[in-house]
Amino acid sequence: MLCFGLGALLAQTDNLNIKPKGNSPYSRFGLGNLVDQYFMASGGMAGLSAAFQDPFHLNIKNPASLSWLQATAFEVGLDGRYASLDGGEEVANNWSGNLRYMALAFPLKNPINEAIDRRRSPLGIGMAFVLQPYSSVGYDVLAELEGDGTGNTVNSFKGAGGTYRFIWGNSVRYEGFSAGVNLAYLFGKLTNSRRIEFPDQVNAYNSEFLDETSLSGWMWEFGAQYAFEFMEPNNKGEREFTGKRLVAGIFGSGTNSFNTRTTNFVSRDNRNYNVVRDTISFSENVRQNGQFPSTLSVGLTYEEINRLRVGLEYGHEFWSQYENEAKPESLSNSWNLRVGAEYIPDNGSYNNYFEKVRYRLGGFYKLDPRTFGVGQLKQFALTMGFGFPIVRPRQQTSFVNFAVEVGRFGHPDLIQESYIKMGLGFTLNDNTWFFKRKFN
């Protein structure tokens with residue numbers, strides 16, 4: 001929590017001291033760039049989440065999947081991003097990276113106990129605690145304009161900060177149907193600065209407009225999944241599971257409100273005369289309100305257990321409902337379409353490790369809620385990933401998940417970001433929690 005919270009604890013600063021971690025000019029608008037909420041296991045499959053459920057990996061986007069966990073999962077993810085910004089006449093490159101998530105999830109009914117008791121319960125319960133970024137702000141743009149009789153004008157735009165969420169998720173399953181809910185607390189701080197300088201005018205005063213906004217609020221999300229298992233009669237005429245399933249899923253949220261505390265600072269200075277800062281206006285801790293939009297996503301996945309997974313997902317976010325009194329903006333509704341697959345050559349192989357590796361592939365297309373005169377921002381990407389199993393003592397399996405995303409974001413008439421994003425996730429599994437030991 002300390003690592004995530006440092007950005008929210010920075011004291012008031014000025015344009016010269018703002019050090020953004022990345023440079024994405026579009027993060028100046030709205031709450032910044034929204035951070036993907038899925039984990040690395042689904043990241044290689046374009047972020048499939050609605051109908052994604054796995055006995056060893058956590059899926060927090062659809063909380064209904066938590067009750068399908070068969071082992072405690074502690075997950076940590078990191079990512080790095082290289083982007084090339086193309087503004088037509090200017091090109092810039094930058095690197096950025098951060099801790100992506102920390103999570104702990106576990107089944108409240110350990111399946112080992114059912115094996116010891118020689119029975120299979122139709123009921124499953126799962127719980128999770130997650131800390132991860134929700135949005136990020138980071139940009140550093142310098143624009144030089146020619147003035148009429150006053151010389152050139154230099155405009156410096158800088159921004160930093162972000163918002164984060166601490167999530168408590170719960171899920172209940174009966175037979176093939178599961179439902180869940182997430183309760184999340186959002187917090188963070190956004191800093192936006194605009195500085196205007198007149199380098200050709202010795203007596204001119206430079207102006208700076210600084211806004212620092214702290215956000216906080218509660219959010220809730222819901223989800224449901226149904227797994228239909230294909231059955232066939234065996235040699236005895238009894239119907240048994242073939243290992244093939246069809247999973248349908250849905251998740252979303254209603255509108256959620258949040259609170260803001262904003263400090264606005266307008267100043268001017270003239271360094272030629274050693275005038276450090278002259279305050280023009282100052283307002284501190286102005287309390288206002290805002291509202292997050294409602295969202296809805298649906299998906300369908302076909303699975304062959306420990307062999308194949310193929311999925312399709314569609315999501316819609318009603319960003320026209322977004323409100324922020326501290327920073328009024330009009331956003332547009334957005335949608336996204338995702339398709340992905342996972343393949344395991346031979347999960348039971350004992351002499352070829354790479355036959356047990358999970359190979360993942362996917363792609364997505366989505367509209368961003370930020371809209372300008374030339375149109376709405378767009379993003380599309382192809383993804384690829386690998387899940388490397390690691391067998392630990394007592395035959396427990398953990399995973400190292402690697403995901404790569406190559407895509408483009410922006411608008412061709414404005415600024416285009418061509419990027420490659422690499423993510424590394426560690427999933428440590430343990431099935432001895434809540435284990436009832438018996439002695440004969």
Complete set of residues in the stretch 238-265 that are part of a loop (DSSP other than H, G, I, E, B) and under 27 Å from Tyr302 (Cβ atoms): Glu238
The stretch 191-240, subset in contact with a Gly (Cβ under 6 Å, 6 or more places away or on another chain) and of a type in the set (S, T, N, Q), residue surrounded by the fewest Cβ atoms within 10 Å (Cβ to Cβ): Gln201
Enumeration of residues in the stretch 125-181 that are among the hydrophobic types (A, V, I, L, M, F, W, C), in contact (Cβ under 8 Å) with a residue 60 or more places away in the chain and under 30 Å from Leu246 (Cβ atoms): Met127, Ala128, Val130, Ile167, Val172, Ala179, Val181
For Phe198: the one exception among (1) under 25 Å from Ser281 (Cβ atoms); (2) modelled with pLDDT of 95 or more; (3) not polar (S, T, N, Q): (2)
Test: residue in the stretch 79-92 that is among the charged types (D, E, K, R) and outside any strand (DSSP E or B): yes
Tabulated pairs, the stretch 206-231, first closer than 22 Å to Gly30 by Cβ, second at pLDDT below 95 and aromatic (Phe, Trp, Tyr), C-beta under 6 angstrom, 6+ apart or interchain: Leu210/Phe265
Some residue of the stretch 380-397 being within 29 Å of Asn289 (Cα to Cα), in contact (Cβ under 8 Å) with a residue 40 or more places away in the chain, touching a Gly at 6+ places or on another chain (Cβ under 9 Å) and part of a strand (DSSP E or B): no
Residue in the stretch 298-352 that is modelled with the lowest pLDDT, counting only those that are closer than 22 Å to Arg245 by Cα, of a type outside the set (Val, Ile, Thr) and in a loop (DSSP other than H, G, I, E, B): Gly348
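The values are calculated or read from the model by the stated rules, or taken from the named source; none is laboratory data. Here the structure is a predicted model, which is why all the values come from computation and not from measurement. Here the Cβ is made from the backbone with ideal geometry for all residues, glycine too, and neighbour counts use every protein chain on show.
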